[in-house]
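Written below as structure tokens is the structure these notes are about.
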Amino acid sequence: MNPIDTTTPAGVVLALLPEVVLSLAALGVLVVNAWRHETAEDSRLAGWLSLGGVGAAMVALLWLWGGGASSSGIPQMVALDGYRFFGDFVFLLAAAATIVFSLDYLEREGIRGPEYYTLILLATVGMMLLAGANDLIMVFLGLEVMSVAAYVLAAYDRRSPYSAEAGLKYFLIGAFASGFLLYGIALVYGVTGTTNLVMAGAFFGPGSLPVMASLGLSLLLIGFLFKVSVVPFHMWAPDVYDGAPTPVTGPMATGIKAAGFLALTRMLIVTFPAASPLWQPVLGILAIATMVAGNLMALSQRTVKRMLAYSSVAHAGYLLAAVWTGTLIGAASVLVYLLAYALTSLAAFGLLAALGRGGERDLTADDLAGLAKARPWTAAAFAIVLLSLLGFPGTFGFIGKWMILTSLVVAGQWLIPVVLVLASAVSAGYYLPVIMAMYMKPAREGAPDAPRVPRGAAVAIGAIVAAILVLGVWPPPLLSGTMEIASSLFERAFQ
Amino acid sequence: MLLGPALAFSALLFSIGVLGVLIRRNAIVLFMCIELMLNAVNLTFIALAQYHGVGGQLMVFFVMAVAAAEAAVGLAIILAVFRHTTSVDLKTNTLLQG
């Protein structure tokens, strides 16, 4: 494929093809909903149409990616590199899984309104723009497109006071964080006169940052760390993940976090590589605090949903440790871990959505007792997913953690890897009881039959579990691939 | 417009907004404080645009459009909460915690 000329309208559309296709699909679903929005059948139709839209966007993405799309050298607002394409791939997978999990869930919980699927598609477009953003304006717009759709999704179960409260908290904290991010953008713009990440990076050069730019970087970091729920900016996350409808919690805990981490990594490596003495200590300390606090708080949770919510905070800590390195292998391990975490966590929330009732806020480990006898496949899938979250050898989660550990040790750091290993050991204290309940405890007397996982969701979960196992046993192609993808970030960074 | 005073004033506005979010507990007031933060940033962009060209002014339009979308969604969510608890006070909306 020739380099795309982004000065022409046709070139711009081509460069943004997956995003354009997905946006059009979202609008198309909205138009269909204008006529058909009353019965459960209509909602299902919207779901299948959205799934088709995600598929079309995936085809467009693979076509661009496989053709080795590159730009003609002018600084763009959205990057054309493997790093963006990898992110888009993860988001589209997450969107597809979310839609499949939602099909039966919305019907079962009686949540009306097929606009739900439009919002999922729009949130995905936002994630794609954020992860590909090569310009601070685009960072802001992508973040907002993603977040505004997510605020509505969190509050989507209108009859549930928990869902409404989750939406309110998410909205207030999210908008607050955007304010910080925006002020950071303004200050960086004030120093450099540009909002382009590459050009701003070239402006800063290898020297130390001016005071105003350091201030801008700190504000940008605050904004990002709120979004990816790093301690001490995490207090909203468990409440929001807990209150939101479970299929929505999946993309909130995976896609949104992934988009935030990808954009943060790109910004730090492309624009602020020389300022690493400034951001590295901060990120290192916060990574340690997040790993420790997230895991300890997850230990004290009673319900499975809240436990998974806190564990998602802990995983943000592992990812932040990889971002801390700021090296090539660090960026590659961010990619590997994001894929591992996104797949695993989506399956976990998908299973939870299928097993629980009424928002799943009451489901404890004891409620899963005897699941291995009643539903052996479901129990096996849940066990594998939890082991992967724990980082058990033989699963994809282990490869991700091992990759992060390698990148940290290569960077000559010892404290963070030790904390990471200890924190993972602590996390066994809340993942394993769920597995033990499923396999070793008898079902309680008079407990209702374990619900069956709907067929569509079962297929999606089966595919994810297979991927977790395959990539956990045979990761070399993925590892070398991500190294190559991450290097696309460094080629254009000012060193 | 002088750059120094304009930047100082917008920094002050931004700080007032942040303080308001941290101190007040009424969802509507919180939302107003967040809007204040965004508008302080707009002022910064306008002031800087004198030196750096039209890019800063362009950004202001994006911020205003996004703020409008946020307002629509935010007020709808506040309304949804009010229907459940007849209160927009964050002190009484504490179902989720722990």
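Details
- Breaking point among (1) surrounded by 12 or more Cβ atoms within 10 Å (Cβ to Cβ); (2) more than 15 Å from the chain's Cα centre (by Cα); (3) part of a helix (DSSP H, G or I); (4) free of Cβ contacts under 8 Å to residues at least 40 places away in the same chain, for B:E35: (2)
- Checked against the criterion of being in contact (Cβ under 8 Å) with a residue 12 or more places away in the chain, at the interface with chain B (Cβ under 9 Å from one of its Cβ atoms) and either buried (at least 23 other Cβ atoms within 10 Å of the Cβ) or touching a strand residue (DSSP E or B) at 6+ places or on another chain (Cβ under 7 Å) (or both), the stretch A:123-138 contains one or more residues that satisfy it.
- Those helices (runs of 4 or more DSSP H) lying entirely in the stretch A:225-331 with at least 2 residues among the aromatic types (F, W, Y) and away from chain B (no Cβ under 14 Å): A:304-325
Residue-wise test of (1) out of contact with any Cys (no Cβ under 7 Å at 6 or more places or on another chain); (2) in contact (Cβ under 8 Å) with a residue 40 or more places away in the chain; (3) in a helix (DSSP H, G or I).
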| site | (1), (2), (3) |
| --- | --- |
| B:G56 | yes, no, yes |
| B:A65 | yes, no, yes |
| B:E70 | yes, no, yes |
| B:I78 | yes, yes, yes |
| B:H84 | yes, no, yes |
| B:T92 | yes, no, no |
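- B:A47 being at the interface with chain A (Cβ under 10 Å from one of its Cβ atoms), surrounded by 12 or more Cβ atoms within 10 Å (Cβ to Cβ) and of a type in the set (G, A, S): yes
- Long-range neighbours under 8 Å by Cβ, at least six apart or interchain, first residue closer than 19 Å to A:G481 by Cα and at pLDDT below 95 within the stretch A:47-71, second surrounded by 14 or more Cβ atoms within 10 Å (Cβ to Cβ) and of a type in the set (D, E): A:S70/A:D81
- Listed by first and then second residue, the pairs linking a residue in the stretch A:454-481 that is under 11 Å from A:T395 (Cβ atoms) to a residue that is buried (at least 20 other Cβ atoms within 10 Å of the Cβ) and not hydrophobic (A, V, I, L, M, F, W, C), with Cβ atoms under 6 Å apart and 6 or more places separating them unless they lie on different chains, are A:I468/A:S388; A:I468/A:T395; A:G472/A:T395.
- Residue within the stretch B:62-82 that is in contact with a strand residue (DSSP E or B) (Cβ under 7 Å, 6 or more places away or on another chain), crowded, with 19+ Cβ neighbours inside 10 Å, more than 23 Å from A:L181 (Cα to Cα) and at the interface with another protein chain (Cβ under 9 Å from one of its Cβ atoms) present: no
- Scan the stretch B:83-97 for residues that are within 9 Å of another protein chain (Cβ to nearest Cβ) and of a type in the set (V, I, T) and the total you get is 3.
- Residue list for the stretch A:144-165, filter: facing chain B (nearest Cβ under 9 Å), over 22 Å from A:R44 (Cα atoms) and at pLDDT 95 or above: A:E144, A:V145, A:S147, A:V148, A:Y151
- Any hit, the stretch A:69-90, residues being more than 18 Å from the chain's Cα centre (by Cα), within 16 Å of A:M58 (Cβ to Cβ) and surrounded by fewer than 24 Cβ atoms within 10 Å (Cβ to Cβ): yes
- Residues located in the stretch A:410-435, provided they are over 19 Å from A:N295 (Cα atoms) and not polar (S, T, N, Q): A:V410, A:A411, A:G412, A:W414
- Taken over the stretch B:50-61, the criterion of being more than 9 Å from every other protein chain (Cβ to nearest Cβ) and not aromatic (F, W, Y) is satisfied by B:Q50, B:V54, B:Q57, B:V60.
- Test: B:V21 is closer than 20 Å to A:I137 by Cβ, in a helix (DSSP H, G or I), at the interface with chain A (Cβ under 9 Å from one of its Cβ atoms) and under 18 Å from the mean Cα position of the chain (by Cα): no
- Just one residue in the set A:L14, A:L27 is in a helix (DSSP H, G or I) and in contact with a strand residue (DSSP E or B) (Cβ under 7 Å, 6 or more places away or on another chain); that residue is A:L14.
- Count of residues meeting criterion [over 19 Å from A:K227 (Cβ atoms) and aliphatic (A, V, I, L, M)] in the stretch A:260-284: 3
- Within the stretch A:179-203, residues that are at the interface with chain B (Cβ under 10 Å from one of its Cβ atoms) reach partners that are crowded, with 20+ Cβ neighbours inside 10 Å and of a type in the set (D, E) with beta carbons closer than 8 Å, at six or more positions or on different chains, in the pairs A:T195/A:D135; A:N196/A:D135.
- Here the condition is being surrounded by 23 or more Cβ atoms within 10 Å (Cβ to Cβ), more than 29 Å from A:F89 (Cβ to Cβ) and not hydroxyl-bearing (S, T, Y); of A:G193, A:G179, A:G184, it holds for A:G179 alone.
- When B:A40 is tested against (1) within 7 Å of chain A (Cβ to nearest Cβ); (2) buried (at least 22 other Cβ atoms within 10 Å of the Cβ), just one condition goes unmet, and that condition is (1).
- Some residue of the stretch A:296-319 being polar (S, T, N, Q), closer than 25 Å to A:V410 by Cα and touching a residue at least 12 places away in the same chain (Cβ under 8 Å): no
The values are calculated or read from the model by the stated rules, or taken from the named source; none is laboratory data. Given the structure is predicted, the values throughout are model-derived calculations rather than measurements. We place every Cβ from the backbone using ideal geometry, glycine too, and count neighbours over all the protein chains shown.
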